[in-house]
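What follows is one structure encoded as structure tokens, with my remarks underneath.
Just so it is clear, none of the values below were taken in a lab; they were calculated from the coordinates. Bear in mind that the values here come from a model prediction, so they are computed numbers and not experimental data. Neighbour counts run over all protein chains shown; Cβ positions are idealised from the backbone, glycine included.
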């Protein structure tokens, strides 16, 4: 398992999340609420693929 | 952007007559989570993933052909990456063999789409920064700096794109 937690802030651009995933070679990032750091969800490569497919419509 | 721009050209395949015990080390050795399964003519007949191996109720001597996803969804290298993304999302799959004239020429995975989006993001950030500097040089009337800035940005974008894409497609 990975011990480091890669996290992403809610409201951040999907492209920036993709950049984080690439830089850290991970397939998921946790999305947290900026003021509280409360976890809101997990963004995976599946959602990124969804964004790429939507971008072309 | 086309599938050919982001796909991995280094091909790792699993023979159709292999067993799960044969396939697992191929994935582990190459640090990949799935691979196209090819017959004796090199045609793609399916895709086998770590999940297929782990989920299959049979033993390790089970033929790959019984555990793989088949028929394989494939895509041509000249298609747009958005189309590859749509197929992966709809079929909830992680990778697509890239086939041209019946021949396997690469594989495109969700990680490749993430990388493509990351490159776009970085390029957009560079462009924004370049525009800011351009406005500054324009307001100062510094034409030499303006031109140097433009050239530096173009070179940086080219280097970045080449490095990020070539790293994975070599």
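Residue-wise test of (1) more than 11 Å from chain A (Cβ to nearest Cβ); (2) in contact with a helix residue (DSSP H, G or I) (Cβ under 6 Å, 6 or more places away or on another chain); (3) within 25 Å of residue B:18 (Cα to Cα).
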site: B:56; (1), (2), (3): yes, yes, yes
site: B:62; (1), (2), (3): yes, yes, yes
site: B:72; (1), (2), (3): yes, no, yes
site: B:76; (1), (2), (3): yes, no, no
site: B:80; (1), (2), (3): no, no, no
site: B:90; (1), (2), (3): no, no, no
site: B:95; (1), (2), (3): no, no, yes
- When segment B:14-26 is checked residue by residue, the ones that are within 18 Å of residue B:55 (Cβ to Cβ) and touching a helix residue (DSSP H, G or I) at 6+ places or on another chain (Cβ under 6 Å) are B:14, B:18, B:20, B:23, B:24
- Item | Residue list for segment B:125-143, restricted to those being surrounded by 13 or more Cβ atoms within 10 Å (Cβ to Cβ) and under 30 Å from residue A:20 (Cβ atoms) | B:125, B:126, B:129, B:130, B:133, B:134, B:136
- part of a loop (DSSP other than H, G, I, E, B) and over 20 Å from residue A:46 (Cβ atoms) - does that describe any residue in segment B:25-33? yes
- Message: Quick check on my filter: what residues within segment B:75-98 are crowded, with 19+ Cβ neighbours inside 10 Å and touching a strand residue (DSSP E or B) at 6+ places or on another chain (Cβ under 8 Å)?
- Response: B:75, B:81, B:84, B:88, B:93, B:94, B:95, B:96, B:97, B:98
- Query: When residues of segment B:107-153 are filtered for being away from chain A (no Cβ under 14 Å) and more than 15 Å from residue B:80 (Cα to Cα), how many remain?
  - Reply: 25
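Let's see how each residue does on (1) at the interface with another protein chain (Cβ under 9 Å from one of its Cβ atoms); (2) in contact with a helix residue (DSSP H, G or I) (Cβ under 6 Å, 6 or more places away or on another chain); (3) touching a residue at least 60 places away in the same chain (Cβ under 8 Å):
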residue	(1), (2), (3)
A:13	yes, no, no
A:20	yes, no, no
A:23	yes, no, no
A:28	no, no, no
A:34	no, no, no
A:48	yes, yes, no
A:52	yes, yes, no
- Query: Do you know which of the residues in segment A:36-46 that are more than 7 Å from chain B (Cβ to nearest Cβ) and touching a helix residue (DSSP H, G or I) at 6+ places or on another chain (Cβ under 9 Å) is farthest from residue B:92 (Cα to Cα)?
  - Reply: A:43
